Amino acid sequence: MQVAKRKSARLSKTQPLLEILHRTYPDAECALHHHNPLQLLVATILSAQCTDERVNLVTPALFRKYRSAAAYAAAPPGELETLIRSTGFFRNKARAIRACCSAIAERHGGQVPDSMADLVTLDGIGRKTASVVLGVAYGRAEGIVVDTHVARLSRRLGLTRQKTPEKIEQSLMQVVPQREWIAFSHLLIWHGRRRCMARNPDCDGCELADLCPRIGVPRK
Ligand code: SF4
């Protein structure tokens, strides 16, 4: 009983914050262009250390050329790398795309798996990429996506003191209701881009100012 009460108290702490963010960004969603789970998987791999805008410039040609996991897996050496070069770290990204697509083609009949357990066993796929695919493509909340914005804002808002994405995700899963796990990341990413930037966050104009302890943000 006490445990259930403590859990409910923890979850209700984030409710006002979520309400404001939902009101402020009613259209918050994944910014990576895609039409199916495979395209989203590839776009998410490309988005590491790269802006979504840059990825969206690269993916149309990529998606036209490779239309299945088997096609990515069989991409001739150098061809895939050339197409994704401008997203940075292109050799590692090409390796990850070939590795996971080859496993998808061989072990999953060409379909991107729809469970965390299966996705994280694919070479080249970590928990963050898996959570993006599950949440956005399949509407399944099995984790919380922690990118640089979610990590920064979660600390500033006092939702976690952790530093690594894995630990931040674990602490967020304790304070964010599961039905909000997918939206939570989109909302924080949008707020991080528009208001709570890494440098010079706009605390004076911030919709969350009354709720935010501004941890680690120098007072002006
Ligand atoms: S008040 Fe400042 S630190 Fe807090 S969320 Fe808003 S911009 Fe970020």
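Annotations
- Among 19-29, 179-189, 85-95, 137-147, sorting by the average number of other beta carbon atoms lying within 10 angstrom of each residue, highest first, gives 179-189, 137-147, 85-95, 19-29.
- Debye-sum result for the range 25-182 in log10 I(q)/I(0), which assumes one identical scatterer on each alpha carbon, at q = 0.08, 0.09, 0.20 Å⁻¹: -0.23, -0.29, -1.31
- If you plug the beta carbon distance of Thr82 and Gln170 into 1/(1 + (r/R0)^6) with R0 = 45 Å, you get a FRET efficiency near 0.70.
- 0 to 90° range, to nearest 10: angle between helix 90-107 axis and the chain longest Cα axis: 80
- Alpha-carbon Debye profile of the range 83-122, log10 I(q)/I(0) at 0.15, 0.18, 0.21 Å⁻¹: -0.41, -0.55, -0.67
- Asp114-Glu19 pseudo-label distance in nm [points 7 Å out on the Cα-to-Cβ vector]: 3.4
- Relative contact order of the range 74-161, defined on C-alpha pairs under 8 angstrom at six or more residues apart (%): 17
- Once the Cα atoms are used to define both axes, helix 52-65 deviates from the longest principal axis of the chain by about 30 degrees.
- Computed about its Cα centre, the charge dipole of the range 135-192 is approximately 260 debye, with only Lys, Arg, Asp and Glu carrying charge at their Cβ.
- Relative contact order of the range 1-137, defined on C-alpha pairs under 8 angstrom at six or more residues apart (%): 23
- Computed on the range 121-185, with alpha-carbon pairs under 8 angstrom and 6+ residues apart, the relative contact order is 33 percent.
- Arg161 paired with Ser68, simple spin-label distance in nm, labels 7 Å along Cα-to-beta-carbon: 5.3
- Sequence ranges 111-121, 32-42, ranked by mean other-Cβ count within 10 angstrom, highest first: 32-42, 111-121
- Taking label points 7 Å from Cα along the Cα-to-Cβ direction, Asn36 and Thr148 give a separation of 3.2 nm.
- 13 Å beta-carbon shell around Ala105, net charge (K/R +1, D/E -1): +1
- Between Arg199 and Glu29, residue separation times 0.36 nm minus the direct Cα-Cα distance comes to 58.9 nm.
- Relative to the dominant Cα principal axis of the chain, helix 37-46 is inclined by about 80°.
The numbers here are math on the coordinates, done by the rules we state, and not lab data. Because the structure is predicted, anything quoted here is derived from the model rather than measured. Every residue, glycine as well, gets a Cβ built from its backbone with ideal geometry; the counts of neighbours run over all protein chains shown.
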